[in-house]
Amino acid sequence: MTSITTQTITFKVFRFNTETDYLPAYKEYRMEVTSEEVVLDILNRIKWEFDGSFSYRRSCRHGICGACAVKVNGKGVLACKERMNDIIELFGNELTIEPVSIKRAVKDMIVDKADFWQKHDAVKPYLISDIDEHPKQESLVTPEQAEALLEADLCIQCGLCHYSCPAIEENDDFFGPAAFAAAYRFNADVRDEGTLERLDVVNQMGAGVWDCVKCFECAEVCPKEVNPIEKITKLHNQAFEFGRAPNNVAVRHAVGFAHSIKKHGLLDEGELVRYSEGNLGVLKHVPVAIKMYKKGKIVLPWNMPKSDKLDEIKKLVKISSTVKF
Amino acid sequence: MEKLKYALFTGCTAKESTPEQLMSTYAVADKLGIELIELTEASCCGASHLQDYDDFLSLVLNARNICYAESRGLTMVTICNTCQLNTAMTKHRLDNNESLKARVNEKLAEVGLEYKGDSEITHFLYAIIDDFGLDKIKEMVVKPLSQFNIAPFYGCHNIRPSELAGGDNPYNPTSLDDLIIACGGENVDYEEKNKCCGFHAELQSPNTAARLTGKALMGALDQNADWMVTPCPLCHLKLDTQYDHASHAVGRDVKMPVLHMQQMLGLALGCTVDELGLKHHVSDVTFI
Ligand code: SF4
Ligand code: SF4
Ligand code: FES
């Protein structure tokens with residue numbers, strides 16, 4: 001067994017009470033931290049040893065209730081799972097502890113998660129199905145069918161992905177990774193009949209999957225390895241598979257890659273923008289395009305480079321395509 | 001040391017809107033004595049968008065690209081974060097799923113190819129750091145960048161998801177910082193260095209994209225950076241050409257010179273401004 005070691009750590013902790021404070025403040029606490037502790041132990045010790053009014057949520061202490069989510073030096077963690085040793089190794093011995101969303105802070109680590117739940121609700125995260133009130137037998141799901149959920153059902157709704165998502169940070173309408181993972185979880189369920197309804201919800205511009213910036217923050221932060229962006233990709237795929245993809249700039253942008261690859265092997269950047277935006281919409285990109293052209297950053301159509309062995313690519317596009325738009 | 005040799009997957013951007021990136025890649029490889037064999041047969045990787053439309057097609061095309069590195073018996077080197085992730089993700093999925101690999105190979109067989117999975121895929125940044133070595137870089141620096149505060153901008157697909165990335169911790173990456181230091185520069189620490197530039201939602205979600213670009217540039221400016229450096233041509237395009245939208249989105253002028261990591265290294269190694277394609281920038285880089 002490795003022996004227990006101790007280090008002195010300085011914590012800067014976000015303190016704020018909506019009812020009494022005009023602005024938040026960062027208070028400093030120094031303490032000896034042992035290699036055995038997790039972040040939740042530190043939160044407890046701040047409360048017990050320094051300030052009884054310090055507030056945070058926790059319940060299960062086993063990484064399953066999702067209540068204890070906080071951020072340490074910007075990294076979203078479940079306080080009860082995250083070992084102090086790992087955090088110290090990563091960031092050193094000055095650590096900042098903050099709620100998962102500063103703009104939604106209510107008291108210290110406690111945030112108002114109303115937006116998270118509203119967005120969850122919006123994607124209809126429940127089985128939609130006409131089930132006989134007195135079925136003759138139970139609704140069986142085979143192991144293979146259960147696997148199709150890709151473990152989206154492991155989500156504990158801790159909100160870490162939601163509050164690490166830059167698209168949510170900038171766009172209040174965006175449903176966010178956890179809601180999309182939930183939408184996929186039910187769309188992939190063989191007993192469910194709500195796929196089309198849900199696809200229409202998640203394909204809205206502004207709120208839906210097309211506004212994801214593909215940063216993979218959600219995949220990285222999730223303590224349950226739900227990999228929300230993988231489910232976002234699946235929802236995109238379902239939109240085409242079920243003929244639910246709207247004909248708009250975002251959808252044409254994805255489809256445009258296939259057109260371009262078929263023609264040149266490589267991407268025709270200019271044509272992708274024109275095809276996605278339409279002949280009128282493309283005009284708003286002209287000012288930037290002119291600046292780029294002057295610096296030799298625009299390839300004119302007749303100079304468009306092509307991949308060698310283009311016939312091979314054309315053939316593969318032809319025989320491997322699985323959807324149409 | 002044996003001469004390093006890689007199969008270079010250029011991606012599309014380096015052949016079109018960031019020609020300076022390809023030029024500087026070759027210039028730097030030349031100085032370091034790294035041999036790059038260009039995969040001229042390669043197609044577009046789908047840039048994280050093709051798989052939204054047709055995931056299987058995207059797998060087949062990326063597997064085909066890897067086949068050409070395999071047939072040359074070389075490790076594939078990428079110079080774009082998104083090419084790197086798409087290719088590495090394809091490899092990861094095929095190497096861990098026999099039936100998927102078989103389905104992909106069934107298609108590839110029709111053009112006489114087979115994906116085996118025996119070529120590694122790495123970003124040029126990590127090839128330089130892990131295979132070539134920063135100590136040797138330090139010895140070769142002839143023009144240390146000591147008068148500059150340089151802000152590293154890592155780009156998402158180079159660091160996330162970490163199990164497919166080159167070894168940086170996405171919450172505290174260090175590779176690009178280390179390269180700046182090796183070139184003699186001062187590395188600038190700022191909050192947005194490991195955040196998203198917004199490139200992939202530029203058409204679909206222009207406000208979000210412009211805000212993210214603006215915040216990144218603002219973060220670097222506020223920490224007194226003279227310029228920014230990135231290993232990704234897509235981040236570069238966003239940060240170098242879209243400063244008008246970005247400035248508008250954050251309500252402040254955030255124009256700042258942005259260099260490719262190859263250009264920064266090339267400057268330190270004594271490459272000329274022409275070799276590094278420095279005239280192809282939209283944000284002024286005449287400070288050099
Ligand atoms: S990948 Fe998309 S959903 Fe996930 S955190 Fe980034 S923007 Fe949000
Ligand atoms: S997907 Fe993961 S990070 Fe997001 S709410 Fe569910 S468990 Fe938490
Ligand atoms: S206390 Fe329940 S997940 Fe941490």
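The values are calculated or read from the model by the stated rules, or taken from the named source; none is laboratory data. Quantities reported herein were computed from a predicted structural model and do not represent experimental measurements. Please note: Cβ atoms are built from the backbone with ideal geometry, for glycine as well, and neighbour counts cover all protein chains shown. Ligands, DNA and RNA are excluded from the accessible area calculation, which covers all protein heavy atoms including side chains. Shrake-Rupley method; radii C 1.70, N 1.55, O 1.52, S 1.80 Å.
What pairs come up if the first residue lies in the range A:170-185 and is over 20 Å from A:LYS103 (Cα atoms) and away from every other protein chain (no Cβ under 12 Å), the second is open to solvent by 10 Å² or more (accessible area, probe 1.4 Å) and in a loop (DSSP other than H, G, I, E, B), and their beta carbons are under 6 Å apart, counting only those six or more places apart or on different chains?
Listed by first residue and then by second, the contacts come to A:ALA181/A:CYS155; A:ALA182/A:PRO125; A:ARG185/A:LEU149.
Among the residues of the range A:65-102 satisfying the criterion of being within 14 Å of another protein chain (Cβ to nearest Cβ), part of a loop (DSSP other than H, G, I, E, B) and touching an Asp or Glu at 6+ places or on another chain (Cβ under 9 Å), which is nearest to ligand 1 (Cβ to nearest atom)?
Residue satisfying both the conditions and the ranking: A:GLY74.
Search the range A:30-52 for residues being assigned to a loop (DSSP other than H, G, I, E, B) and touching a residue at least 40 places away in the same chain (Cβ under 8 Å), and hand back the single one that is surrounded by the fewest Cβ atoms within 10 Å (Cβ to Cβ).
By that ranking, first place goes to A:SER35.
Go through (1) more than 9 Å from every other protein chain (Cβ to nearest Cβ); (2) in a helix (DSSP H, G or I); (3) open to solvent by less than 20 Å² (accessible area, probe 1.4 Å); (4) not acidic (Asp, Glu) one by one and return the number of the condition A:ALA167 breaks.
(1)
Would you say A:VAL282 is facing another protein chain (nearest Cβ under 7 Å) and either over 23 Å from B:PHE9 (Cβ atoms) or touching a Ser or Thr at 6+ places or on another chain (Cβ under 6 Å) (or both)?
no
Any idea how many residues of the range B:33-66 are more than 10 Å from every other protein chain (Cβ to nearest Cβ) and over 19 Å from the mean Cα position of the chain (by Cα)?
Residues meeting the conditions: 1.
State all residues of the range B:159-191 that are among the charged types (D, E, K, R), part of a loop (DSSP other than H, G, I, E, B) and over 15 Å from the mean Cα position of the chain (by Cα); if no residue qualifies, say none.
If the condition is that a residue be among the charged types (D, E, K, R), part of a loop (DSSP other than H, G, I, E, B) and over 15 Å from the mean Cα position of the chain (by Cα), then B:ASP189 is the only one that fits.
Kindly indicate which of A:LEU235, A:LEU316, A:LEU267 is crowded, with 18+ Cβ neighbours inside 10 Å, touching a Lys or Arg at 6+ places or on another chain (Cβ under 7 Å) and modelled with pLDDT of 95 or more.
Checking each option against the conditions leaves just A:LEU316.
Please go through the range A:284-321 and pick out each residue that is farther than 28 Å from B:HIS280 by Cβ and outside any helix (DSSP H, G or I).
Answer for the range A:284-321, where residues must be farther than 28 Å from B:HIS280 by Cβ and outside any helix (DSSP H, G or I): A:LYS309, A:SER321.
State the number of residues belonging to the range A:195-230 that are open to solvent by 20 Å² or more (accessible area, probe 1.4 Å), within 16 Å of ligand 3 (Cβ to nearest atom) and more than 11 Å from chain B (Cβ to nearest Cβ).
2
Have a look at A:SER55, A:SER59 and point out the one that is away from ligand 1 (no atom under 16 Å from the Cβ), farther than 23 Å from A:SER3 by Cα and within 25 Å of the chain's Cα centre (by Cα).
After ruling out the rest, the residue left standing is A:SER59.
Of the residues that make up the range A:122-137, is at least one away from ligand 3 (no atom under 16 Å from the Cβ), within 14 Å of chain B (Cβ to nearest Cβ) and either within 20 Å of A:CYS222 (Cβ to Cβ) or open to solvent by less than 40 Å² (accessible area, probe 1.4 Å) (or both)?
no
From the list A:ARG185, A:ARG198, A:ARG191, A:ARG244, which one is within 16 Å of ligand 2 (Cβ to nearest atom) and of a type outside the set (Phe, Trp, Tyr)?
Among A:ARG185, A:ARG198, A:ARG191, A:ARG244, only A:ARG185 is within 16 Å of ligand 2 (Cβ to nearest atom) and of a type outside the set (Phe, Trp, Tyr).
Suppose we filter the range A:103-125 for residues that are within 24 Å of A:GLU19 (Cβ to Cβ), under 17 Å from the mean Cα position of the chain (by Cα) and assigned to a loop (DSSP other than H, G, I, E, B); how many remain?
1
Out of all the residues in the range B:217-229, is one or more facing chain A (nearest Cβ under 9 Å), in contact (Cβ under 8 Å) with a residue 12 or more places away in the chain and part of a helix (DSSP H, G or I)?
No; the residues of the range B:217-229 include none that is facing chain A (nearest Cβ under 9 Å), in contact (Cβ under 8 Å) with a residue 12 or more places away in the chain and part of a helix (DSSP H, G or I).
Here's a check for you: in the range B:192-206, which residue that is more than 18 Å from the chain's Cα centre (by Cα) and more than 7 Å from chain A (Cβ to nearest Cβ) is most open to solvent (accessible area, probe 1.4 Å)?
Ranking the candidates gives B:PRO206 first.
Which condition number does A:ALA250 fail, the rest of (1) of a type in the set (A, V, I, L, M, F, W, C); (2) away from ligand 3 (no atom under 16 Å from the Cβ); (3) modelled with pLDDT of 95 or more being met?
(3)
Pairs, please: C-beta under 6 Å, at least 6 apart or cross-chain, first residue on the phi > 0 side of the Ramachandran plot and in the range A:224-236, second open to solvent by 10 Å² or more (accessible area, probe 1.4 Å) and within 11 Å of ligand 1 (Cβ to nearest atom)?
Close Cβ pairs (under 6 Å, with a partner that is open to solvent by 10 Å² or more (accessible area, probe 1.4 Å) and within 11 Å of ligand 1 (Cβ to nearest atom)) amount to A:ASN227/A:ALA219.
In the list A:ILE102, A:ILE110, A:ILE64, which residue meets the criterion of being out of contact with any strand residue (DSSP E or B) (no Cβ under 9 Å at 6 or more places or on another chain), open to solvent by 50 Å² or more (accessible area, probe 1.4 Å) and at pLDDT 95 or above? Spell out the reasoning first.
Working: A:ILE102 fails: out of contact with any strand residue (DSSP E or B) (no Cβ under 9 Å at 6 or more places or on another chain); A:ILE110 fails: open to solvent by 50 Å² or more (accessible area, probe 1.4 Å).
Checking each option against the conditions leaves just A:ILE64.
Can you give me the number of residues within the range A:20-29 that are open to solvent by 40 Å² or more (accessible area, probe 1.4 Å) and either within 16 Å of ligand 2 (Cβ to nearest atom) or among the hydroxyl-bearing types (Ser, Thr, Tyr) (or both)?
3
As an exercise: evaluate B:ALA182 against (1) open to solvent by less than 40 Å² (accessible area, probe 1.4 Å); (2) under 30 Å from B:GLY46 (Cα atoms) and give the number of the one condition it does not meet.
Against the list (1) open to solvent by less than 40 Å² (accessible area, probe 1.4 Å); (2) under 30 Å from B:GLY46 (Cα atoms), B:ALA182 comes up short only on (2).
Can you find, within the range A:149-164, the residue that is nearest to A:VAL70 (Cα to Cα) among those that are within 14 Å of chain B (Cβ to nearest Cβ) and either in a loop (DSSP other than H, G, I, E, B) or away from ligand 1 (no atom under 16 Å from the Cβ) (or both)?
A:LEU160
Mind listing just one residue for me: the one in the range A:35-57 that is at pLDDT 95 or above and touching a helix residue (DSSP H, G or I) at 6+ places or on another chain (Cβ under 6 Å) and, of those, nearest to ligand 2 (Cβ to nearest atom)?
A:TYR56
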